[in-house]
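Report on one structure; see the data block that follows.
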Amino acid sequence: MVIPYTRGSAWEQPPPDLASYLFKNRIVYLGMSLVPSVTELILAEFLYLQYEDEEKPIYLYINSTGTTKGGEKLGYETEAFAIYDVMGYVKPPIFTLCVGNAWGEAALLLAAGSKGNRSALPSSTIMIKQPIGRFQGQATDVDLARKEVKNVKAELLSLLLILSYGVHIWLLPCLFHGATACNMLLPRLQYSSATYYGSPDCLGTPTGACGFGEYGRTVNDANVAGVSRLYKNGTGCGACYQVRCKAPQLCTDDGVNIVATDYGEGDNTDFILSTRAYARMANPNMALQLFAYGVVDVEYRRISCRFAGYNIMFKVHEHSRFPEYLAIVILYQGGQNDILTVEIWQEDCKEWIGMRRAYGAVWDMPNPPNDYIGLRFQVSGSAGLTWVQATNAIPNDWKAGVAYDSSIQLT
């Protein structure tokens, strides 16, 4: 209950409590370590202030040591990532101000403020700290936790560099010189393990789960791999990665650039490389020693696919039956792009009809149009979601096993 009081001859209410005053002035105050209850409150405040007014700025005051205090780990880095994501989601601009400490993950939130509105008081301190891991349990659990800490560190570095320089992290080598600097700035660096599969000719396999056929055996000079988590139900087919092993006495700094052409699971591995690709990670005369390891720790990143001299090709899959069943595979998918949807133009209906992802990179449709076939596909890349259209991509007398040039390149 609010008890009125008199000042002079007027009846007035007492000043509001501090929390209400801050909230009324659209100030969100982070004054504790990042733990789930603090994250929950801050996210709720951001979302409510957006609901109240989508145009007025929100002010985030920061005095936090991140997820640690006194060297003790109190929360998880995902608390900061959740706040960071919502800061980018809400429509009002967010002005950030360090009023004491912005350490570790709190420094990320300070940097996530609107450009030109990220400030710190003169006596405040801002510091980046390495994440702290909690390693308990069986040997496999400890190994996975160790890799997770490395991934968190890479993600924190990636986000801070993007926010600080205003460019995507993969452009940063243009701002620095020297191999050491470039190696430190590998974009979206992740950690895992890799192994290899044997084949008589050291190439890939034509029967991979992506459905690429012979292309999956020889593309990229047979530097190909089967992937597990990165397969993404077929969306990851055709993606390119730089993979390098973490045994410097055995492996080169550059590693090998591979194309994902198959699905494969190993012992806690993300990559099952072709024999040729696995050998190309090694230093000169060190391939046999590397093969003796069988499984090696690696670091990897997604890179742009480049196929010099090739446009995107629409290959009619060998299982197609003219004219009642059409299945296609999209080859030479350039850039860092994932193909999410493929549609065919139905002239009689005057509309686009979606093809079905049969498996991997294979798209099919029964009873396709009898005329020249126009295709369009939805691409997810650095520019967001876009549609790419190929008019008369496939002739009306198409044949199974034949690849047709689209005259289109993705970059």
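Run the numbers for E214 and D348: contour at 0.36 nm per residue of separation, minus the present Cα-Cα distance, in nm.
44.7 nm
At 222 nm, what value in deg cm²/dmol follows for the chain if DSSP H runs of at least 4 each add -39500 (n - 2.57) and the sum is divided by all its residues, to the nearest 500?
Result for the chain, helices only: -7000 deg cm²/dmol.
Work out from phi, with θ = phi - 60° and the Karplus expression 6.51 cos²θ - 1.76 cosθ + 1.60, the ³J(HN,Hα) of each residue of the stretch 390-405, listed in order in whole Hz, and give x for Gly and Pro.
So the Karplus estimates, Gly and Pro as x, are 10, 7, 6, 5, 10, x, 6, 10, 4, 10, 4, x, 9, 9, 10, 6 Hz.
In nm, give the distance between the simple-model label positions of E265 and T341, each being 7 Å from the Cα along the Cα-to-Cβ direction.
Result: 3.1 nm between the two label points.
Return the long-range amide H neighbours of N337 (sequence gap of 5 or more, or a different chain), with a cut-off of under 5 Å between placed amide H atoms.
Close amide H contacts, sequence-distant or interchain: C305.
Test of understanding: ordering E40, E45, E79 by Cβ neighbours within 10 Å, fewest first, what list do you get?
Lowest count first: E40, E45, E79.
Give me a comma-separated list of calculated 3J(HN,Hα) values for the stretch 343-355, in order, Karplus coefficients 6.51, -1.76, 1.60 applied at θ = phi - 60°, integers in Hz, x for any Gly or Pro.
Per residue, the Karplus-derived 3J(HN,Hα) values read 10, 10, 7, 9, 5, 5, 8, 6, 7, 8, 10, x, 8 Hz.
Tell me, F377, F81 in order of fewest to most beta-carbon neighbours within 10 Å?
F81, F377
On a full-extension model of 0.36 nm per residue, what is the gain between V35 and R146, subtracting their alpha-carbon distance, rounded to one decimal in nm?
Full extension of this stretch gives 37.9 nm more.
Pulled fully out, how much extra length does the chain show between L22 and T235, if you take 0.36 nm times their separation in residues and subtract their Cα-Cα distance?
Working: separation 213, 0.36 × 213 = 76.68 nm, distance 4.61 nm.
Contour length minus Cα-Cα distance gives 72.1 nm.
Between K399 and L385, with labels modelled 7 Å along Cα→Cβ, what's the label distance in nm to one decimal, could you check?
3.9 nm
Using each residue's phi in the stretch 100-117, evaluate 6.51 cos²θ - 1.76 cosθ + 1.60 at θ = phi - 60° and report the 3J(HN,Hα) Karplus result to the nearest Hz, with x for Gly and Pro.
Here the 3J(HN,Hα) series is x, 10, 9, 10, x, 5, 5, 5, 4, 5, 4, 6, 7, x, 4, 4, x, 10 Hz.
Go through (i) 23.9; (ii) 35.1; (iii) 29.6 and flag the label whose value is the computed mean projected area of the Cα convex hull in nm² for this structure.
(iii)
Tell me, how many Å apart are the Cα centres for the stretch 391-411 and for the stretch 268-327?
Value for the Cα centre distance between the two parts: 23 Å.
Roughly what angle does helix 36-52 make with the longest principal axis of the chain, taking Cα atoms, 0 to 90 degrees, to the nearest 10?
With rounding to tens, the tilt is 90 degrees.
Quick one: which residues, 5+ away or cross-chain, put their amide H under 5 Å from the amide H of A361? H built at 1.01 Å from N.
Close amide H contacts, sequence-distant or interchain: G211.
Using modelled amide H (1.01 Å from N, peptide plane; none on Pro or chain starts), what sits under 5 Å from the amide H of T252, excluding residues fewer than 5 places away?
Result for T252 returns A282, N283.
Pairs K315/K399; K129/K153; K24/K115: which exceed 20 Å Cα-Cα?
Check vs 20 Å cut-off fails for K24/K115.
Ranked highest first by the average count of other Cβ atoms within 10 Å around their residues, in what order do 29-35, 17-23 fall? Intermediate values should be presented prior to the final figure.
Numbers: 29-35: 18.9, 17-23: 11.7.
Top of the packing list down: 29-35, 17-23.
Mind ranking 112-124, 360-372, 243-255, 56-68 by how tightly packed they are, going by the mean number of other C-beta atoms within 10 angstrom, highest first?
The packing order, highest mean first, is 56-68, 360-372, 243-255, 112-124.
Treat each spin label as a single point 7 Å out from the Cα along the C-beta direction, and report the E52 to T252 distance in nm.
Going by the 7 Å Cα→Cβ label model, 5.8 nm.
No lab work stands behind these numbers, since they all come straight from the coordinates. Keep in mind that this is a model prediction, so the values were computed, not measured. We place every Cβ from the backbone using ideal geometry, glycine too, and count neighbours over all the protein chains shown.
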